Amino acid sequence: MSSDKIIERIEREIGIPGLAALLATRLSPTDLQSLLLEVFHQRAQRQQPSEVLATYQSNRLVKPGSVSPAQLLAWERLAYEHLPPEFELVTLSPVCPLGTAAAVAPIDQDWVLSTIRNVEVVSDSTNVLALECAVRRRHRLLDNPKSKEVIHLATSHRLLRTQSYSNPALSSHFSALALCSAGQDQGNLRFELTSLVLHITFYLRALTAYLGPEIELRVAVVDPESADRRAFLKDRLFAPIQDEFPQVDCVFDRERDQGYYADLRFHIDATTPAGSPIELVDGGPVTWTQALLSNGKERCVISGIGSERVCTGFDT
């Protein structure tokens, strides 16, 4: 049954047509928060310890992760050692403003764990890094409207997503290491390509160090339509990467779409000991800081790597 049908049924049974719309539009955020806090306060008071245990056993959102914390720590420490000096590591809050994923990315709000305190659990750390970059860029622009200072941020964060996965190997919560670079347009994709090279070479260094120099890695960029554009990207993007990593294949890929990325999208795939390819990284330019700052000159590049896949996808 669709969520619309469920809401219609609830409103019909309660006898208040349009209840959801009334709560969403007629109450201020603070009043709605106060109402829902009291509702959940009363419901929590009725919970018995046995019911809490039953929920813990059955609810996929609260089950422990399957990856050893020691494995994750080893990967993160090594990755941090290879982080370019331009990047500042930040520790994110477990929650971000309500609507961050839907308004910034955009992602369906049903995939996000919304809370009754007008915040949501972080489902994508790149969204939140973009918010932090936008705040810092705004400060720079207030000091100097023509500021070209670039903000580079990085974080490792445990993400929670509520959508149901058909693959039992996929977890509702997982760790990801993410990068975000924000600045002003430099013309001819200079900002975007410089940032992409910085991001991609970081991941290649970290993966080679963690998985071993014999690991087979491939950088794939979603195939642009123009032959001139492909030649441009080979010269400005692939060449600097292969100067440091001549053993890494850099290719164009027609099989993957752009998603919410603007203009370009890259992936880093690795070959497992069994010979199967596994996607570890994706990234590219987005228009998020343009929208957040209402400034068409702002540019932003994001990327992320699934830490669980790195830690467990190459077990022999």
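The values are calculated or read from the model by the stated rules, or taken from the named source; none is laboratory data. This structure is a prediction, so every number in the text was calculated from the model and none was measured. All Cβ positions, even for glycine, are placed from backbone atoms using ideal geometry, and neighbour counts span all protein chains on display. Heavy atoms of the whole protein, side chains included, go into the accessibility calculation; ligands, DNA and RNA do not. Shrake-Rupley method; radii C 1.70, N 1.55, O 1.52, S 1.80 Å.
Here are a few things to note about the model shown:
- Some residue of segment 188-203 being in contact with a strand residue (DSSP E or B) (Cβ under 8 Å, 6 or more places away or on another chain), assigned to a loop (DSSP other than H, G, I, E, B) and at pLDDT 95 or above: no
For every residue, the table says whether it meets (1) over 33 Å from the mean Cα position of the chain (by Cα); (2) touching a residue at least 60 places away in the same chain (Cβ under 8 Å).
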| site | (1), (2) |
| --- | --- |
| Ile10 | yes, no |
| Glu13 | yes, no |
| Ala20 | no, no |
| Pro29 | no, yes |
| Gln33 | no, yes |
| Gln42 | yes, no |
| Ser50 | yes, no |
| Tyr56 | no, no |
| Asn59 | no, no |
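- Taking the criterion of being among the basic types (Lys, Arg) and in contact (Cβ under 8 Å) with a residue 40 or more places away in the chain, the only residue of segment 253-291 that qualifies is Arg265.
- Candidate set: segment 248-293, residues that are closer than 23 Å to Arg190 by Cβ and among the polar types (S, T, N, Q); chosen: the one farthest from the chain's Cα centre (by Cα): Gln290
- Conditions (1) touching a residue at least 24 places away in the same chain (Cβ under 8 Å); (2) under 23 Å from Glu88 (Cβ atoms); (3) over 14 Å from the mean Cα position of the chain (by Cα); (4) crowded, with 16+ Cβ neighbours inside 10 Å; number of the one not met by Gln186: (4)
- Candidate set: segment 94-144, residues that are among the charged types (D, E, K, R), within 21 Å of Ala262 (Cα to Cα) and modelled with pLDDT of 95 or more; chosen: the one nearest to the chain's Cα centre (by Cα): Asp124
- Residues satisfying the stated conditions in segment 20-44, i.e. more than 14 Å from Thr115 (Cα to Cα), open to solvent by 60 Å² or more (accessible area, probe 1.4 Å) and among the hydroxyl-bearing types (Ser, Thr, Tyr): Thr25
- Search result, residues across segment 108-133 that are of a type in the set (S, T, N, Q) and open to solvent by 20 Å² or more (accessible area, probe 1.4 Å): Gln109, Ser114, Thr115, Asn118
- The one condition in (1) more than 20 Å from Val286 (Cβ to Cβ); (2) aliphatic (A, V, I, L, M); (3) without any contact (Cβ under 8 Å) to a residue 40 or more places away in the chain that Ala79 fails to fulfil: (3)
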